[in-house]
Amino acid sequence: MASKTPAPADRAGVIARAALDELVALLAGRGYRVIGPQLRDGAIVYDDLARADQLPAGWIDQQEGGSYRLVRGPDAALFGHVVGPHSWKRFLYPPAQKLWQAERSAGGFTVTTAAEPEPPLAFLGVRACELHAIAIQDRVFGVESGDFTDSGYAARRQAALLVAVNCGRAAGTCFCVSMQTGPKVTEDLAYDLVLTELLDDRRHDFLVTAGTARGAELLAGLPQRPASAADLVEAEAASARAAVQSRAMVPGVADLLRQNLEHRHWDAVAERCLGCANCTMVCPTCFCSTVEDVTDLSGDHAERWRKWDSCYTLEFSYIHGGGVRRETAARYRQWITHKLSSWHDQFGSSGCTGCGRCITWCPVGIDITAEARAIRDAEGS
Amino acid sequence: MMTPHGTMAAPAQLDPMTPRPFRIRQRRKELADTFTLALAPDDGGGFAFQPGQFNMLYAFGVGEIPVSISSAPDEPGEILHTIRAVGKVSAALGALKPGDMVGVRGPFGTSWPVEAAYGSDLVILAGGIGLAPLRPAIRQVIAQREKFGNVVILYGARTPEDILFRKELQSWRGHFDLNVEVTVDRVTGAWGGRVGVVTGLIRQGGFDRLHSIALLCGPEVMMRYGVRALHDCGVASERIYVSMERNMKCAVGFCGHCQFGASFVCKDGPVFPFDRIEKLFAIPEL
């Protein structure tokens, strides 16, 4: 994370669509592993990006509770989609990480942690809600302060370069406006560059602003022209369109849930919740993990792997005698109260960014905003 | 980090996720299913800890479990861990012999408020293997007995055969300045001692309700009734400390397994002043 140097709007530049290819090449040439959105298996996922034409031009996502469909959009926008099942956490905090290995030796064993060097990451197309998610995980893993620091996460995070993009539309499940995490990338967020797609019959450009010296230096290497007042107006209009959202989190939800740990609505959710853990896997801030200790057939080589885990599994809370949270109602309550309430006590912010992934990817369409509202509406009853 | 009820020792190693090599100096059988491992660092380094803290013990190739330290910091020699073999890893640890190596991460967590209790009466309530995490505190209290008022130690086991640290309990009971009571839930064989739940002994008193500190460790249901009995005697929640058990994988607040409300039991606990968790303690399956 390079130090933040706020860039005034008059320093914004406009680059053509073709310059994105140059940006990807420039980053790859500097040794970055460039990751960006692309179309695969009927969804927009994040993966290695060799060229900008791998970006999902012309595709937009239609999202509702339990439903995700890609359709052709009205134009060739590269970032007309919103967020899919992936988040950047799978690169900063990989789903499976080897923590160490151990070899049996005379009279014992030797533990080594020698990690293979990884290229720095460059993310292309990080939304405002996702910048918030990254900032939230930075606090969870103690990047700048905390009782402990996850050194692997901190190293990947500090080397990562973030090219953000402003949303020009919202999906049906977005509620970032009510979480104050979007849709527009704000200057208090950590990003190197921020793009806004400017697209009509006559042109396909991007308004670009640097958020760091590193970003400004990258931008200087791209063919550009200074932004005009009209460009800035058009960019604001895009953000205004994305701010029209049909879902919203109820105000004061942290206190609301804290005061309703025992509420009959939890049983009502449990009648629908499958306990499948999808919401935790797609959530860009969920951080729970387990460890697996493995050995090879000889029994002389052991490894410990850290893998994503979910508070929805019965084993998650296992202690001798059985799991603490045996009922689905207790497990759903744990997830939503942690996300929206106790996260504030632990890390000083909500754990929710309003990205809507948990709503879209829930097989039965359970809606975190609706469940919070149901608790409020039935409070005291 | 200073906590309201003690000092959390600085992490002993740079990377808290990597085990340090320790060697088993001694293995002592305690009960049919319970044993104590005496460990010493094998890397030449030291090991500082506070009473009530725990370590993550790794059996090569099998896995890792949290185990509280059952020796006192100033106890000469090895660092003791008293373990009940109830799972795969604890059984593997139980199969190890003196000279074998285990991996150790720690120490982790908060400690018993021994120094904060100077000048107060002490009520120490333990159930089953819950005596193991309290043993270091009891040893510290005995070593500086003059700094405390009345000291009441109440211990309950399921049967006479399940009484942990039996000889030590007998020796503590021989002190004229310790009030030690032992009870069992169920009589087997020849037992002429007390029968009944340990929490029932609290009502016998022997401590000043306004100037006592209570330390509790045992099954959650025992601690629930223990707190209730202490409240009935007039001991306030902020003078009661409980050691909580939850699933722990990382011990540093990254894995999320041990969450209890907003607390990570691994680093905000395991020892909590009861007033901090009182509202949550009564809620099932939290």
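The values are calculated or read from the model by the stated rules, or taken from the named source; none is laboratory data. All figures in this text were calculated on a predicted structure; none of them were measured in a lab. Neighbour counts are summed over all protein chains in view; Cβ atoms, including those assigned to glycine, are modelled from backbone coordinates with ideal geometry. Just so you know, the surface numbers come from the protein's heavy atoms only, side chains and all, with ligands and any DNA or RNA stripped out. Shrake-Rupley method; radii C 1.70, N 1.55, O 1.52, S 1.80 Å.
Here are a few things to note about the model shown:
- Selection count, the stretch A:124-145, where residues are over 15 Å from A:Y93 (Cβ atoms) and within 14 Å of another protein chain (Cβ to nearest Cβ): 1
- Yes/no for B:R239 being touching a strand residue (DSSP E or B) at 6+ places or on another chain (Cβ under 9 Å), of a type in the set (K, R), within 21 Å of B:I138 (Cβ to Cβ) and touching a residue at least 12 places away in the same chain (Cβ under 8 Å): yes
- Number of positions in the stretch A:165-211 that are surrounded by 19 or more Cβ atoms within 10 Å (Cβ to Cβ) and not in a loop (DSSP other than H, G, I, E, B): 17
- B:L216 passes every criterion in (1) assigned by TED's automatic domain parsing to the domain that holds B:L154; (2) part of a loop (DSSP other than H, G, I, E, B); (3) open to solvent by less than 30 Å² (accessible area, probe 1.4 Å) apart from (2).
- Residue in the stretch B:231-243 that is open to solvent by less than 20 Å² (accessible area, probe 1.4 Å) and charged (D, E, K, R) present: no
- Complete set of residues in the stretch A:301-325 that are more than 7 Å from chain B (Cβ to nearest Cβ), at pLDDT below 95 and within 24 Å of B:T18 (Cα to Cα): A:E315
- Residue ID - surrounded by the most Cβ atoms within 10 Å (Cβ to Cβ), chosen from residues in the stretch A:350-370 that are more than 15 Å from A:M249 (Cα to Cα) and not hydrophobic (A, V, I, L, M, F, W, C): A:T360
- Selection within the stretch B:158-176 - charged (D, E, K, R) and open to solvent by 70 Å² or more (accessible area, probe 1.4 Å): B:R158, B:E161, B:R166, B:K167, B:R173
- Screening A:R69 with (1) without any contact (Cβ under 8 Å) to a residue 40 or more places away in the chain; (2) open to solvent by less than 30 Å² (accessible area, probe 1.4 Å) gives one miss only, at (2).
- Options B:G226, B:G206: the member that is open to solvent by less than 20 Å² (accessible area, probe 1.4 Å) and touching a strand residue (DSSP E or B) at 6+ places or on another chain (Cβ under 6 Å): B:G226
- When A:A330, A:A277 are checked against the criterion of being surrounded by 15 or more Cβ atoms within 10 Å (Cβ to Cβ), within 14 Å of chain B (Cβ to nearest Cβ) and at positive phi, a single residue qualifies: A:A277.
- Test for B:G61: is it under 19 Å from the mean Cα position of the chain (by Cα), on the phi > 0 side of the Ramachandran plot and not aromatic (F, W, Y): no
A quick yes/no check of all residues on (1) in a helix (DSSP H, G or I); (2) aromatic (F, W, Y):
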position	(1), (2)
B:A116	yes, no
B:Q140	yes, no
B:G149	no, no
B:E161	yes, no
B:L164	no, no
B:L169	yes, no
B:F176	no, yes
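- Selected residue [among the hydrophobic types (A, V, I, L, M, F, W, C) and surrounded by fewer than 18 Cβ atoms within 10 Å (Cβ to Cβ)] from B:A40, B:A59: B:A40
- With respect to (1) within 14 Å of chain A (Cβ to nearest Cβ); (2) modelled with pLDDT under 95; (3) open to solvent by 30 Å² or more (accessible area, probe 1.4 Å); (4) in contact with a strand residue (DSSP E or B) (Cβ under 9 Å, 6 or more places away or on another chain), the lone exception for B:M17 is condition (3).
- Of all residues in the stretch A:106-123, those satisfying the criterion of being away from every other protein chain (no Cβ under 14 Å), modelled with pLDDT under 95 and loosely packed, with under 13 Cβ neighbours inside 10 Å are A:E116, A:P117.
- Annotation note: of B:A262, B:A282, the sole residue that is within 21 Å of A:R333 (Cβ to Cβ), more than 8 Å from every other protein chain (Cβ to nearest Cβ) and more than 19 Å from the chain's Cα centre (by Cα) is B:A282.
- Selection count, the stretch A:341-371, where residues are within 14 Å of another protein chain (Cβ to nearest Cβ) and of a type in the set (F, W, Y): 2
- Residue among A:Y93, A:Y46 that alone is under 26 Å from A:Q137 (Cβ atoms), hydroxyl-bearing (S, T, Y) and in contact with a helix residue (DSSP H, G or I) (Cβ under 6 Å, 6 or more places away or on another chain): A:Y93
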